2 protein chains.
Amino acid sequence: MGRRASRRVSIKDIARRAGVSHSTVSRALRGSPLVNPRTAERIRRLAARMGYVPNAAARSLVTTRTSIIGLVITTLADPFLAEIVRGVEEVALEAGYRLFLATSNADPERELAAVRALAESRVEGVIVASSRVGELYLPHLEALGVPIVLINQQREAPFIYSVAADSYQGAVLAVSYLMRLGHTRIAYIAGPPMARSNRLRWMGYQETLAAAGITPDPEWIVEGNGRPEAGEWGIQRLLEAPVRPTAVFCYNDMTAIGALRAARAVGLRVPEDLSIIGFDDILFAAYTEPPLTTIAQPKYEMGRTAMSMLLRLLQGERVSPSLQLPCRLVERASCGPPPEGSIPMVPHLLAERRLP
Amino acid sequence: MGRRASRRVSIKDIARRAGVSHSTVSRALRGSPLVNPRTAERIRRLAARMGYVPNAAARSLVTTRTSIIGLVITTLADPFLAEIVRGVEEVALEAGYRLFLATSNADPERELAAVRALAESRVEGVIVASSRVGELYLPHLEALGVPIVLINQQREAPFIYSVAADSYQGAVLAVSYLMRLGHTRIAYIAGPPMARSNRLRWMGYQETLAAAGITPDPEWIVEGNGRPEAGEWGIQRLLEAPVRPTAVFCYNDMTAIGALRAARAVGLRVPEDLSIIGFDDILFAAYTEPPLTTIAQPKYEMGRTAMSMLLRLLQGERVSPSLQLPCRLVERASCGPPPEGSIPMVPHLLAERRLP
DNA sequence: GGAGGGCTTGCACACGTGTGCAATTTGGTT
DNA sequence: AACCAAATTGCACACGTGTGCAAGCCCTCC
């Protein structure tokens, strides 16, 4: 009660009250065997009664350990991040680390300020969990001279580690699922061209089809940017293809949401006329119409793994620089067998000419 | 370059190199007028060249100011939070404060650990941005003895302040908009019964109708929990009402999403047969089918205001304990005029008996 | 030329905690 | 009872930074 605004109690205050030196108090509270168990117990009780809370700054000053991890995020608005952060924080907390938040919203000036803040608080390590880090951001982070773990991103650089979902395997999962449903004419609406994840998913798509002896019509691959617009444009483009695909694999769920919308707009029923599969399993995938079948990234696990990796690095262990976690299929309602005779229920019906 | 792993340079290292005392360096870097401008400039250059970064812990130890604000969140998975946090962080950064993340996922044990972490790092203030704080959480936070600002929540307690969207006004906005479209039979699918925001929205709903001389059928008010299921159940319940409503005001967007889905499931077209309006304007409101008309909370502003409030409190200013920010209407496509003759296009048609 | 005053600078202490080493106490053994 | 080892405690310093006070310097004015 009303101790408010008065100085917090320090180890010395306890020492005075207990009639011992502050060293003894320090040792007692830290559980050192160098102090008489009875005194230790007495001191601990007293500390609790006086409401003692150790001062992290003072402690870190002498131990040169801050127990702080910087968590770098471009924007929290990314619906993808929540679970990742949960995983990170859980492991961090278990290991006695605290999280420092640094978001930049892709503003270079703020990135700089954020990095400075991380430096001043002497973070022991950094976890970068964001879809895109600014070009210059990473070099600045490297200058901190602490281990860095990237999530869903890869850079070739010493002292930089990464944890990622296995995009290639996820794409294989998606495409082979569609093939198992009977599809052979499968399109891909791509993500940001530069994104590594996009290249991997693309490759997984191509190679899965190839393994089944299918060469996708080049018109079935349309570029995008990972946002809903891309899904809308993508569907429009695909409708103009001479041979209409019966299923679409989308770079991510946001793209798939746009695709769903566009499909509905032109009167295509999902999944009866067209199957759509996404990637990520964001929160809202369960609430689209129809609920979106998608490839789930093990977000929570990725967060935990990244933080565990960082902990190992902090302990000086050697760690493999890049880890991949498998994705899994989440079946909902946006995929089904191809339409009868594989003729999509829309205008121009000249479709079949290239089929086996 | 390779300074990695060696001790970071301190003020004393600079002093030695510059041939002055560390006091002079300290003053030079802090811009004190007590040091010769030429020396100051020389020292600043040297510091930059040596890659000096002040040690926040050491500084805060002597100044007794940490420049750290605790950001308490139950879960990042709340799609509502992103913008709020952005506002908070922006103002914090401008004012030279850092954010410490404390999420609890509603686990009492973790709440305790989180509060302890906040206490040990001597946060100067706390912002609580979460839909629900655990019962015991707040008392623990209060024990920190620092100012607390709640976002979208209110408690009657000294030293606790709050910023909230004006739920009452938002509800008035929603319901009067529906009435302007021609609706008179308007339902409310409520949120968590205990939530203050729910009571306020409910009240706004009731009083707006009352002001127009309308007494809503008690069957048009169904309880919920703020989650999509509530919307689904709500629609089912409303379909059983003797007089069918033509519009539904939902406690929040998640509820509205459930309502949209249920409406579609029973073959009701939105907005032709039924208008649905939500509350919050979460990211996905723009991507539902049809895109959801909703009441937007000024999330970004709320974040900024909360942080500004905290700053003022930290400067010892007196501040009004509770602030309300107005909501605004976001028109999309889920609302329209009531159906012809106000007869919903569904089964049992015995509807009209109580109409004027 | 000396006194006084304004600039600069350094000394020394403080913040709260941890720890090596020496000092003191305790307990056991002869 | 004396002695030794072990257990316990305190002293003093360290971490990096900020700051009151005194000391030193230089310039100006009488």
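The values are calculated or read from the model by the stated rules, or taken from the named source; none is laboratory data. Predicted, not measured: the structure shown is a model, and the values here were computed from it. Cβ coordinates were reconstructed from backbone atoms using ideal geometry, including for glycine residues, and neighbour counts include every protein chain displayed.
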Next item on the list: Could you please let me know if A:S32 is assigned to a helix (DSSP H, G or I) and within 16 Å of DNA strand D (Cβ to nearest atom)?
Entry: no
Item checked: The listed residue being in a loop (DSSP other than H, G, I, E, B) and among the hydroxyl-bearing types (S, T, Y), out of A:S130, A:S176, A:S162 -> A:S130
Check: How about the range A:224-334: which strands (runs of 3 or more DSSP E) wholly inside it have at least 2 residues that are closer than 30 Å to A:A157 by Cα and hydrophobic (A, V, I, L, M, F, W, C)?
Finding: A:293-296, A:322-325
Note to self: Looking at the range A:134-141, can you tell me whether even one residue there is buried (at least 19 other Cβ atoms within 10 Å of the Cβ), among the aromatic types (F, W, Y) and outside any strand (DSSP E or B)?
What the structure shows: yes
Notebook entry, point to check: Among the residues of the range A:173-192, is any surrounded by fewer than 20 Cβ atoms within 10 Å (Cβ to Cβ), on the phi > 0 side of the Ramachandran plot and touching a residue at least 60 places away in the same chain (Cβ under 8 Å)?
Noted result: yes
Check: Any idea which of (1) away from chain A (no Cβ under 14 Å); (2) closer than 15 Å to B:G191 by Cα; (3) charged (D, E, K, R) is the one B:R227 doesn't satisfy?
Finding: (1)
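So is A:R27 surrounded by fewer than 16 Cβ atoms within 10 Å (Cβ to Cβ), at pLDDT 95 or above and part of a helix (DSSP H, G or I) or not? Reasoning before the result, please.
Details: surrounded by fewer than 16 Cβ atoms within 10 Å (Cβ to Cβ): no; at pLDDT 95 or above: yes; part of a helix (DSSP H, G or I): yes.
So A:R27 does not fit the description; no.
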Notebook entry, point to check: If the Cβ limit is 8 Å and pairs must be 6+ apart or interchain, which residue in the range A:51-69 that is on the phi < 0 side of the Ramachandran plot and in a helix (DSSP H, G or I) pairs with which residue that is polar (S, T, N, Q) and more than 9 Å from DNA strand D (Cβ to nearest atom)?
Noted result: A:A56/A:T66; A:A56/A:S67; A:A56/B:S121; A:A57/B:T66; A:A57/B:S121; A:S60/A:T66; A:S60/A:S67
Next item on the list: Name, by its number, the condition in (1) touching a Leu at 6+ places or on another chain (Cβ under 8 Å); (2) more than 13 Å from DNA strand D (Cβ to nearest atom); (3) within 8 Å of another protein chain (Cβ to nearest Cβ) that does not hold for B:I69.
Entry: (3)
Next item on the list: Tell me which of these B:V123 doesn't satisfy, since it passes every other one: (1) outside any strand (DSSP E or B); (2) under 20 Å from the mean Cα position of the chain (by Cα); (3) among the β-branched types (V, I, T).
Entry: (2)
Check: Consider A:T39 against the criteria (1) near DNA strand D (Cβ under 9 Å from one of its atoms); (2) polar (S, T, N, Q); (3) under 25 Å from B:P147 (Cα atoms): it satisfies all of them except one. Which criterion is unmet?
Finding: (3)
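Per-residue answers, yes or no, for (1) surrounded by fewer than 18 Cβ atoms within 10 Å (Cβ to Cβ); (2) without any contact (Cβ under 8 Å) to a residue 24 or more places away in the chain; (3) in contact with a strand residue (DSSP E or B) (Cβ under 6 Å, 6 or more places away or on another chain):
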residue: B:V72; (1), (2), (3): no, no, yes
residue: B:A77; (1), (2), (3): yes, yes, no
residue: B:A95; (1), (2), (3): yes, no, no
residue: B:S104; (1), (2), (3): no, no, no
residue: B:E124; (1), (2), (3): no, no, no
Checklist line | Test: residue in the range A:292-302 that is modelled with pLDDT of 95 or more, closer than 24 Å to A:L239 by Cα and within 19 Å of the chain's Cα centre (by Cα) | finding: yes
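For the range A:150-161, give me each residue that is of a type outside the set (V, I, T) and either crowded, with 22+ Cβ neighbours inside 10 Å or at pLDDT 85 or above (or both).
Restricting attention to the range A:150-161, the residues satisfying the condition of being of a type outside the set (V, I, T) are A:150, A:152-159, A:161.
Answer for the range A:150-161, where residues must be of a type outside the set (V, I, T) and either crowded, with 22+ Cβ neighbours inside 10 Å or at pLDDT 85 or above (or both): A:L150, A:N152, A:Y161.
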Margin query: Restricting to the range A:240-270, name every residue that is modelled with pLDDT of 95 or more, more than 14 Å from chain B (Cβ to nearest Cβ) and either touching a Gly at 6+ places or on another chain (Cβ under 7 Å) or farther than 22 Å from A:G204 by Cβ (or both).
Written below: A:Y251
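Among B:L71, B:L29, which is among the hydrophobic types (A, V, I, L, M, F, W, C), touching a helix residue (DSSP H, G or I) at 6+ places or on another chain (Cβ under 7 Å) and outside the structural domain of B:R116 (by TED's automatic domain parsing)?
None of the others qualify; the one that does is B:L29.
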Checklist line | Test: B:S23 is of a type in the set (S, T, N, Q) and more than 9 Å from every other protein chain (Cβ to nearest Cβ) | finding: yes
Margin query: Here is a check on your reading of the model: is B:P147 surrounded by fewer than 22 Cβ atoms within 10 Å (Cβ to Cβ), touching a Phe, Trp or Tyr at 6+ places or on another chain (Cβ under 7 Å) and within 14 Å of chain A (Cβ to nearest Cβ)?
Written below: yes
Notebook entry, point to check: If you take the residues of the range B:30-64 that are more than 14 Å from chain A (Cβ to nearest Cβ) and hydrophobic (A, V, I, L, M, F, W, C), which of them is surrounded by the most Cβ atoms within 10 Å (Cβ to Cβ)?
Noted result: B:I43
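Scan the range B:208-240 residue by residue and report those that are among the aliphatic types (A, V, I, L, M), touching a Lys or Arg at 6+ places or on another chain (Cβ under 9 Å) and within 19 Å of B:V270 (Cα to Cα). Show your work before the answer.
Here is the first cut: in the range B:208-240, the residues among the aliphatic types (A, V, I, L, M) are B:209-212, B:214, B:221-222, B:230, B:235, B:238-239.
Okay, now just the ones that are also touching a Lys or Arg at 6+ places or on another chain (Cβ under 9 Å), so B:214, B:222, B:235, B:238.
Within the range B:208-240, B:I235, B:L238 qualify.
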Check: Within the range B:226-234, can one find any residue that is at pLDDT below 95, surrounded by fewer than 21 Cβ atoms within 10 Å (Cβ to Cβ) and under 18 Å from the mean Cα position of the chain (by Cα)?
Finding: yes
Notebook entry, point to check: How many residues does the range A:100-117 hold that are assigned to a helix (DSSP H, G or I) and within 11 Å of A:I73 (Cβ to Cβ)?
Noted result: 1
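Picking from B:L118, B:L99, which residue would you name as being at the interface with chain A (Cβ under 7 Å from one of its Cβ atoms), crowded, with 19+ Cβ neighbours inside 10 Å and at pLDDT 90 or above?
After ruling out the rest, the residue left standing is B:L99.
Test of understanding: among A:D78, A:D13, which residue is within 25 Å of A:V149 (Cβ to Cβ) and either at pLDDT below 95 or within 16 Å of DNA strand C (Cβ to nearest atom) (or both)?
Details: A:D13 fails: within 25 Å of A:V149 (Cβ to Cβ).
The conditions single out A:D78.
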Note to self: Out of the residues in the range B:263-287 meeting the condition of being among the acidic types (D, E) and buried (at least 24 other Cβ atoms within 10 Å of the Cβ), tell me which one is farthest from the chain's Cα centre (by Cα).
What the structure shows: B:D281
